Amino acid sequence: MAMTLRLNSETDQMLTEVASNLGISKSQAVARAVEEFLSQQSADAIANKVFDKVLKRDAALLERLSDA
């Protein structure tokens, strides 16, 4: 799917340099960056859910440990 991306001139220049250094198009560089961002967000969301679950499940234990 086509998409227009508006960047300020400084960001566009940095993107141009990164893409050139990697030997890929700016479009490919942006796609990689977005994929990495989404992957990280998914991992963070999973970690947060697990953390919340542990906090609820082990609340009494954590309270005892904090008093120790």
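None of the figures in this text is laboratory data; all of them are computed from the coordinates on show. Owing to the predicted nature of the structure, the values given are computational and were not obtained by experimental measurement. Cβ placement follows ideal geometry from the backbone for every residue including glycine, while neighbour counts extend to all protein chains displayed.
Contact map, segment 45-61: residues that are free of Cβ contacts under 8 Å to residues at least 12 places away in the same chain paired with residues that are aliphatic (A, V, I, L, M) and surrounded by 10 or more Cβ atoms within 10 Å (Cβ to Cβ), Cβ distance under 9 Å, separation 6+ or inter-chain. Pairs shown: 54/62; 55/62. For residue 64, the test of being part of a helix (DSSP H, G or I) and either surrounded by 11 or more Cβ atoms within 10 Å (Cβ to Cβ) or in contact (Cβ under 8 Å) with a residue 40 or more places away in the chain (or both) is failed.
Of all residues in segment 3-19, those being free of Cβ contacts under 8 Å to residues at least 24 places away in the same chain and outside any helix (DSSP H, G or I) number 5.
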